[in-house]
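Below you'll find the structure, written out as structure tokens, and then a few comments.
The values are calculated or read from the model by the stated rules, or taken from the named source; none is laboratory data. It should be emphasised that the depicted structure is a prediction, and the values quoted were computed from it without experimental measurement. Please note: Cβ atoms are built from the backbone with ideal geometry, for glycine as well, and neighbour counts cover all protein chains shown. Note: accessible area is taken over every heavy atom of the protein model, side chains too, but ligands, DNA and RNA are not part of it. Shrake-Rupley method; radii C 1.70, N 1.55, O 1.52, S 1.80 Å.
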Amino acid sequence: AVLSDDGLKGVLHPEFMYGCATAAYQVEGAWDEDGKLPNVWDVHLKDTDNGEVACDSYHLWKEDIELLKKYGCNTYRFSIAWSRVRPLGGRNDPWNEASLKYYDDLPDIQPGTASLVPRGLGQRPRRINALLAAGITPFVTIFHWDHPQSLEERYGGFYNAEEIVEDFVSYAEGLFERYGDRVKHWITINEPHIFTMMSSMGYKLKEWVHKRDHARFAKSILLCHARTFDLYKKKFQPSQHGTIGIVYNCDWVEGVDSSAEGKEASQWVLDWVLGFYAEPVFLGRFPDRVTAYLGEHAPQFTDAEWALLKGSTEFFGWNHYGTQLLSGKRLETDNGRLVSFGSAERVFERDGKQIGNKGHGGHPYDVPWGFRKLMKYITERFTGPAGIPIMITECGFTPENEAEWSLEERIDDTQRQDYYSGYLKEMFEAVRDDGIDIRGFMVWSLLDNLEWLQGYAKRFGVTAVDQDNGCKRYPKDSSALVKALFAHGMGK
Ligand code: PNW
């Protein structure tokens, strides 16, 4: 275990941001309250597990803040629901004051003096100020996949770069105007690659994505990001003094053996899943493997757009879960569709041994050394040369079969505790020994919540939520462990 006399006490940056993360659609519920209109997931998941109630954080947000305090967090990463604050979504559509207020505050709340007791409608202390009053820094995701359905119906959503970019930037501008005096940490977009896959698998095509679709989404996403970054830098940062960046998903991959095929497959997956969105932002180009693969579909940018893209992040937001080994075999189908993650065949044993505890299929195995290798890879390729820090914006684990567990079993979450012990030890050592500049770490997730297409069966929370009993919250044992680990790393 970390802790004790391991030489890791106090190795973290003095202003290290330790917190928990959530996303609006996955926790808020209240899907049609206070003027909110349907987002793409409300429509798509209508008849299955969905976010209509979720963890009811729209009403229970004060309890969420109490949990963050209990867990020793100094940061809360959450997202704003576009379909709440601007229900129709478009640049000429009205804002919704009732919902803007939900994320906002009362002017009479001063740091240290906030009362978290509700004082009646229209008078409630709101989330951002309540966080600040609790000494918790809001880290706000502008877009965590839940755009208004009306944008799909009007013009095909992210299929239509010209339209979505203008609407996205206008939405972001409204958030900077409204909250930027108090929110100093902004994320434009969460996980471009997974958003593309999940959207296509989910509300759009209901099948694996064609390269053409990846290319169209990439163009929209990258331009939404770069234009929003540029707007913030020019119009808001000079007076608001906040920071802004993008969040990537990336798990570690390497060949199961030392074969050239395994190496090539791994680099392909890293280029496809991460490089496709990180190289434009860090290096002003696409990876060669990606342009070669996309051929005629490869997104085209003007010189002015490339200039906007290059250097358009102030931190490397990184969601990391697990590690997979690749056999070197490609699973691409003949009609140009990718099966998943770049269609490389995945294996999870080496020398006859499973590589770690098995978790949820998408980010499968608990492999601390994979995290360590990827910290190095990202630093060497992207953040080191750019001189910018890494922010771990999500990291978590859920055992494969947790859905069948009783509440007691969910709380005694030994596999999640093993996971965080192993990953945080690697992270602390990487900071101390490998010169890795990590400034933040956010547990995914504060709460057991709606895992998109997988419903409520996959539970990433350090807090169990009893959906059958008013969404009552129960801290899992891992929450105390993570708190202790960060107290140690931060020298307390
Ligand atoms: C991330 N995969 O999504 C998201 O940012 C969260 O909203 C989500 O709940 C969390 O990870 C846990 O899954 C991903 O299949 C969803 O590889 C699926 C995958 C990766 C990321």
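Worth a mention:
- Debye equation applied to the C-alpha atoms of the range 151-278, log10 I(q)/I(0) at 0.10, 0.13, 0.17, 0.21 Å⁻¹: -0.40, -0.64, -0.93, -1.18
- Between the amide H of Thr137 and those of Thr75, Tyr76, distances stay under 5 Å, these residues lying 5 or more places away or on another chain, with hydrogens modeled in the peptide plane.
- Among the GluC sites (Glu not before Pro) within the range 172-257, those in coil by DSSP and having at most 12 neighbouring Cβ atoms inside 10 Å are Glu207.
- Counting only Cβ charges, +1 for Lys and Arg and -1 for Asp and Glu, the dipole size of the chain around its Cα centre is about 1040 debye.
- Dipole-positive endmost among Val11, Ile392, Ser478 within the chain (Cβ charges, Cα centre): Val11
- What the phi angles of the range 458-463 give under the Karplus curve with 6.51, -1.76 and 1.60, with θ = phi - 60°, is a coupling list of 9, 10, 9, x, 8, 10 Hz, glycine and proline written as x.
- To the nearest 10, the accessible area of Glu451 is 20 Å² with a 1.4 Å probe.
- DSSP bridge orientation in the chain - percent antiparallel, rounded to nearest 5: 25
- Checking every one of the GluC sites (Glu not before Pro) in the range 255-346 against DSSP loop status and a limit of 16 other Cβ atoms within 10 Å picks out Glu332.
- Ignoring lysines fewer than eight residues from Lys233 along the same chain, the ones with Cα atoms less than 19 angstrom from its Cα are Lys184, Lys310.
- Within the range 389-480, trypsin sites (Lys or Arg not before Pro) in DSSP loop having at most 13 other beta-carbon neighbours inside 10 Å: none
- Using the 1.4 Å probe convention, the accessible area of the chain works out to 36 Å² per residue with neighbouring protein chains retained.
- Net charge, Pro389 excluded, C-beta distance under 9 Å - Lys, Arg +1, Asp, Glu -1: -1
- Normalising the Debye intensity of the range 342-439 to I(0), with uniform scatterers on Cα atoms only, and taking log10 at q = 0.11, 0.14, 0.18, 0.25 Å⁻¹ returns -0.42, -0.65, -0.96, -1.30.
- Two-site label geometry, Ala260 and Lys233: point separation in nm, points 7 Å out along Cα→Cβ: 4.1
- Taking the Cα atoms of the range 1-61, the ratio Rg/Rh between the radius of gyration and the Kirkwood radius comes to 1.30.
- Violating pairs (Cα-Cα greater than 25 angstrom) within the set Lys69/Lys101; Lys373/Lys476; Lys36/Lys458; Lys211/Lys234: Lys373/Lys476; Lys36/Lys458; Lys211/Lys234
- Ordered by 1.4 Å accessible area with all protein chains kept, His185, His13 run largest first as His13, His185.
- All-pairs alpha carbon distance profile, the range 126-201, 5 Å steps from 0, percent: 3, 13, 21, 22, 16, 12, 8, 4, 1
- The calculated FRET efficiency for Arg154 paired with Asn469, based on their beta-carbon distance and R0 = 35 Å, is about 0.30.
- Theoretical gain in end-to-end length, Gln300 to Glu162 [0.36 nm per residue, Cα-Cα removed]: 48.4 nm
- Spin-label pair Gln454/Trp369, simplified geometry with 7 Å Cα→Cβ offset, distance in nm: 2.5
- Global geometry of the range 278-387, whether rounded, prolate or oblate, following the gyration tensor of its Cα atoms and the 1.5 cut on a/c: oblate
- Net charge contributed by nearby residues that have their C-beta within less than 14 Å of Phe176 (K/R +1, D/E -1): +3
- Partner aspartates and glutamates for Lys9 [C-alpha distance under 20 Å; skip if fewer than 8 residues away on the same chain]: Asp418, Glu426, Glu429, Asp433, Asp434, Asp437
- Set of aspartates and glutamates with alpha-carbon distance to Lys62 below 16 Å, sequence-local pairs under 8 removed: Glu28, Asp104, Asp105
- Cα shape, the chain, gyration tensor, a/c 1.5 rule: rounded
- Taking all protein chains together and rolling a 1.4 Å probe, Asp47 ends up with roughly 150 Å² accessible.
- For the pair the range 336-392 / the range 411-480, the C-alpha centres are spaced 18 Å from each other.
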